[in-house]
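What follows is a short report on a single structure.
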Amino acid sequence: MNSTGTVVKISGPLVVAEGMRDANMFDVVRVSQQKLIGEIIEMHGDRASIQVYEETAGLGTGEKVVSTGEPMSVELGPGLIGSIFDGIQRPLDDIKKVCGNSLKRGVEVPSLKREKVWNFTPSVKEGERVTGGDIIGTVPETDIVLHKILVPNGVEGIVKKISAGEFHVDDIVCVLETDKGERELSMFQKWAVRRGRPYRKKLSPDMPLVTGQRVVDCLFPIAKGGVAAIPGPFGSGKTVTQHQLAKWAAADIIVYIGCGERGNEMTDVLNEFPELIDPHTNKSLMERTVLIANTSDMPVAAREASVYTGITIAEYYRDMGYSVALMADSTSRWAEALREMSGRLEEMPGDEGYPAYLGSRLAQFYERAGRVISNGTDGREGTLSVIGAVSPPGGDISEPVSQATLRIVKVFWGLDSNLAYQRHFPAINWLTSYSLYVDSLADWYNNNVSADWTKLRARFMEILHDEAELKEIVKLIGMDTLSANDRLKMETARSIREDFLHQLAFHEVDTYTSLKKQLYMMKLILNFNDKAIEVVGKGADIEAVSGLAVREKIGRFKYVPEENTDVEFDRISVETESELNQLLSREGN
C-alpha cells in the first residue's frame, strides 16, 4: 500500500514529512505536485526524513508526499551501453526531448527506451529448467557487446514458452512455470541500487587489469576485480588519468561516473569517447561504455545515488561474465553530499564535519568490486574493478575521505603537484604510491610476459629509491663527490623517470604501451646501465658514457609503433653494445 504524508520541514535537499507510518526505509517517494523524486533515509515513528534528488526551491510545508513502496532501483537490460544517465538513471537525451536544454523538475522518462526494438535469440529450449542468473537468450546490444538476458535472482522454474524475434525491452519473451505459478520474463529487470547483486563465489584477484599506462602496469598494477584510488590536488591530472584508464584498460565494459565534477570534464568524455577507436575492437569506445553524469551544478543529494546507480549497472554486466571497469570521479564530492545531508539531519559530526559512518559507506561501495563466479548453472566468471578519484582540499591526503579510502583500497596512485608543475604526466609519485597486488600478480607477469618481469620491476624501484637518497647527498655536498657508479645510478634513474614513467596521453603512439613493449623498455634501460657500469669499471669516462648517442634512441623507443618494436629493440641492443665497446677502445682500455 502506498503511504501518503505531508511536508512539515524543508532544509535544502532534506524534506521531513509526517503521516508516513506505512512507508519503509529507502522507499522512493514523490514530493509535492511537481513529483520531485526523493528517498526515505530516516524514520522516527510516522515522521520520515527524505533526501530529495531534485532542486527543492519553492517547495512549501503542507504539500503531499506519496511513497511508491519500492526502493531506489535501476532498470537493467539492453540499451544501457552508449547511454548517458543522470544520477538516478534518467537518460539525458530523452529528458532533452521532453523539456529542452534546461533540466526541469519532476521529469519522468523511462530509463531504458521503450520504443526501441531488439533482436532476441533464445539460449534455452522449452522444457528446460533454469535458475536465477541463467542466460535465457542474447541480444546484440552494440557491434561488440552481446547482451545476455538473465533469469532474475531468486527465480527458478521450467521454461514453458520462449520466443525468438524482435521485441521491445518490456515485451514478454519467456514464460516460466515456477512453484508459485507462471512467471513472465521480459528483457529487462529491476534491482535496488543499495543492495549488491549476489554471486556464487568470490575468487582471489590474481590477474592484472592491463591499462597500457607504464607507471601503472609496471610499478603499481591493479588486479582485475581490484580497487584503486587516485588522490591528488587540483590540476595534478586525476581526470586525465581516469580518462586514460577508461580508454585503454583491458575491460569489456566501462562504467564512468562523473560524480559532482565540473560539467566540462563530462563534456570532454562525451566529445572524445565516440570518436576514439578502441584498440581492442577497432570500434568506437562508446560501444562499450555507460556514462553517468551528475555534475557539480546538479542537485547535491543525487551524487549519493549516482555511485550506487553506476556500480549496480557494473555488477549487472559482471554477472554476464564480462570484465567491467568502473571509474568514479570523484568520491570526495560524494562524501561532501553525505556531509551536507548528515549536517541537515543534525547527526553528531565526525572528523572535519563528515559523518561518523563515512568509512563504512566508502567500504560498502568499494567491497562490491571483485572477481566472482556468477549465479547460474554455467559458472561464468566476471570481474568488476573499481577506480575512485579523491580530490582532497589542497592535495592534503591526511583529510578524512583520503584516509578512509586508503584503509580500504589496495592500490594508491598518489598524484603529486610538483610533478604536475614539472609537466611530468602521469604525475604519479613513485616514492609514495603503492600496490598491494604486486606479489599476487607476480606469477601472472612471469608466466605471461617474461620470467624476468618481477626482477626488472624490483630493480626499477630500487634505483628510483636510491636516487631519492642520492639527491639528498647531492644537495648537501654536490654531484662531484659521488662515485662513478652512483652517478651512473642517477643517470639511469633519470632515464627511468623521463623515458619510461613519463607518458604522453595525447600522443598517438605513446598513449598506450603493450606489456611486451614495456618489457623491452625496461630491458634497454637496465642493459645500458649494466654495460655502462662494466665499462666505467674498466676506466671509461662517466661523462662520455652519459653522452652516447644510443641513449637518445633508448629514450625515443617509446614513440616506436608496436609493430616495429622487435626490430628496433634488437637494433638498439646491438648499438648499445657497440658504442660502449668503441668508447672503451678509444680510451685505450
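General remarks:
- For the pair K104 and K35 in one chain, pulling the backbone fully straight at 0.36 nm per residue adds 23.7 nm over the alpha carbon distance.
- Protection-proxy order for peptides 150-156, 163-169, 206-212, 478-484, each taking the mean of Cβ atoms within 10 Å per residue, highest first: 206-212, 150-156, 163-169, 478-484
- If R0 is 45 Å, the Cβ-Cβ spacing of E577 and L406 corresponds to a FRET efficiency of close to 0.50.
- Accessible surface area normalised per residue over segment 324-464 is 41 Å², counting heavy atoms of protein chains with a 1.4 Å rolling probe.
- Hydrodynamic analysis of segment 167-257 uses the Kirkwood radius over alpha carbon pairs. Inserted into Stokes-Einstein at 20 °C and 1.002 mPa s, it gives a translational diffusion coefficient of 124 µm²/s.
- Global form of segment 15-105, assessed from the alpha-carbon gyration tensor, a/c cut-off 1.5: oblate
- Heavy-atom surface of segment 1-59, accessible at 1.4 Å and reported per residue (Å²): 43 Å²
- Surface composition of the chain: carbon plus sulfur atoms contribute 49% of the solvent-accessible area (1.4 Å probe, protein chains only, all chains present).
- Distances between placed amide hydrogens fall under 5 Å for I149 paired with I136, G137, T138, V139, all partners being 5 or more residues away or on another chain.
- For segment 179-328, diffusion coefficient by Stokes-Einstein and Kirkwood Rh (Cα), 20 °C, 1.002 mPa s, µm²/s: 126 µm²/s
- Projecting the Cα atoms of F500, T565, T121 onto the dipole axis of the chain, where Lys and Arg carry +1 and Asp and Glu carry -1 at the beta carbon, places T121 farthest toward the positive end.
- Coupling constants for segment 197-212 follow from the phi torsions by the Karplus curve (6.51 cos²θ - 1.76 cosθ + 1.60, θ = phi - 60°), and in residue order they are 6, x, 9, 7, 7, 9, 9, 6, x, 10, 9, x, 8, 6, 10, x Hz; glycine and proline get x.
- Extension reserve of the T267-D93 stretch, reckoned as 0.36 nm per residue once the Cα distance is removed: 61.3 nm
- Segment 172-213, relative contact order [Cα under 8 Å, separation at least 6], %: 25 percent
- With all projection directions averaged, the alpha carbon convex hull of segment 244-303 covers 3.9 nm².
- Per-residue HN-Hα couplings for segment 370-382 [Karplus 6.51, -1.76, 1.60; θ = phi - 60°; Hz; x = Gly/Pro]: x, 9, 9, 8, 6, 4, x, 7, 8, x, 5, 9, x
- Taking the Cα centre of the chain as reference, the dipole from Cβ charges on Lys and Arg (+1) and Asp and Glu (-1) amounts to some 760 debye.
- Under a 5 Å amide H cut-off, with hydrogens placed 1.01 Å from N, K9 pairs with V16 among residues at least 5 apart or on other chains.
- Long-range amide H partners of G106 with built H, under 5 Å: I37
- Remark: segment 113-157 projects, on average over all directions, an area of 3.9 nm² (convex hull of Cα atoms).
- Qualifying GluC sites (Glu not before Pro) for segment 277-367 [loop in DSSP, other Cβ within 10 Å: at most 16]: E346, E347, E367
- Per DSSP, loop GluC sites (Glu not before Pro) in segment 514-589 with at most 13 further Cβ within 10 Å: E587
- Prolate/oblate/rounded label for segment 265-346 (Cα gyration tensor, a/c 1.5): oblate
- Peptides 383-389, 398-404 ordered by average Cβ neighbours within 10 Å, highest first: 383-389, 398-404
- Per-residue 3J(HN,Hα) values for segment 30-47, derived from phi via the Karplus relation 6.51 cos²θ - 1.76 cosθ + 1.60 with θ = phi - 60°, read 10, 9, 6, 5, 7, 6, 5, 7, x, 9, 6, 10, 7, 10, 10, x, 9, 9 Hz in sequence order (x marks Gly and Pro).
- Gyration tensor (alpha-carbon) shape descriptor, segment 344-503, a/c threshold 1.5: oblate
- Segment 461-548: chymotrypsin sites (Phe, Trp or Tyr not before Pro) in DSSP coil with no more than 16 other Cβ atoms inside 10 Å: F506
- Along each principal axis, taking the top coordinate minus the bottom one, the Cα set of segment 83-222 gives 54, 48, 31 Å in descending order.
- The chain, Rg to Rh (Cα coordinates; Rh as Kirkwood inverse mean 1/r): 1.05
The values are calculated or read from the model by the stated rules, or taken from the named source; none is laboratory data. Since this is a predicted model, take the numbers as computed values, not measurements. We place every Cβ from the backbone using ideal geometry, glycine too, and count neighbours over all the protein chains shown. All accessible areas refer to the heavy atoms of the entire protein, side chains included, with ligands and DNA or RNA removed. Shrake-Rupley method; radii C 1.70, N 1.55, O 1.52, S 1.80 Å.
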